[in-house]
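Encoded as structure tokens, the structure appears first; notes follow it.
The values are calculated or read from the model by the stated rules, or taken from the named source; none is laboratory data. Keep in mind the model is a prediction, meaning the values are calculated, not measured. Cβ coordinates were reconstructed from backbone atoms using ideal geometry, including for glycine residues, and neighbour counts include every protein chain displayed. For accessibility, only protein heavy atoms count, side chains too; no ligands or nucleic acids. Shrake-Rupley method; radii C 1.70, N 1.55, O 1.52, S 1.80 Å.
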Amino acid sequence: MKNKITLYLICCLLLLSACQPRQGSGNAADADTTKQDSNTTHIDTTVQPAYVAETYDDLSTDTLYGDFDGDGRREFIWVQNPHVAMDRYDCNGPCDCLLRSSDRTMVPITTSDCIGGALINYGDLNGDGGDEVGMIPAWFTSCWGRHFLFTLRDHKWIEAIHGTTLRCESYDDTTIVRRDPRRKGYVIVKYYDIDSGFEKILEKSVKMR
């Protein structure tokens, strides 16, 4: 009788042991969290980021990858949009966009009269090792728009040149700004001008800040 009880207790212990979860296992959410944490150092994919140092806004217009601080590692940036009330052609609060980064040391920059934006990576235009960023803000109406060029200085985004005027057919042009091969620290910028009747694209050489 004692042998049967002992055998029964051994079987129960074996069953309990088999039912215990293995160390490190978990559900799908836990697995995803682990995967995200392993990617927090570098983002080297072209998909929507799974992790950011600051909250990623679902209303963001665009996401762009590059080495913006020149440290040899890629970050991603995005345009954080305001809350827009399209029925009123207005915003719930200021119509300002923020250029934010996965690197929390990069101080955002605000663009006014903006409800969204497209981003362009122009590469290193000023020779400091970091990629410069073009931004074309979106607005409620009109085919006219602006183009801004941003660069990082001491981890703070600044306007590298003053904003230029563009038409919507230029928005897909990834050479709106290019390095001036004849003048160090200058870029060649495409733009429209009222004196030309806004009929053709002009170019000018501009010194970067």
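What's the magnitude of the charge dipole for the range 74-144 around its Cα centre, counting Lys and Arg as +1 and Asp and Glu as -1 at the beta-carbon? Answer in Debye, nearest 20. Don't skip to the answer; put the middle values down first.
Values: 4 positive and 10 negative charges, 43 e Å.
Computed about the Cα centre, the dipole is about 200 debye.
Taking K and R as +1 and D and E as -1, what net charge do the other residues with C-beta under 13 Å from the C-beta of residue 113 add up to?
With Lys, Arg at +1 and Asp, Glu at -1, the net is -1.
Shown are 206, 177, whose ranking by accessible area with a 1.4 Å probe and every protein chain present, most to least, is 206, 177. The calculated FRET efficiency for residue 207 paired with residue 104, based on their beta-carbon distance and R0 = 30 Å, is about 0.45. Between residue 199 and residue 96, the simple spin-label model (points 7 angstrom out along Cα→Cβ) gives 4.1 nm.
Under the combined filter of DSSP loop state and at most 12 neighbouring Cβ atoms within 10 Å, the range 66-122 retains these chymotrypsin sites (Phe, Trp or Tyr not before Pro): 89.
If the segment from residue 168 to residue 88 were pulled out straight at 0.36 nm per residue, it would be longer than the present Cα-Cα gap by 26.5 nm.
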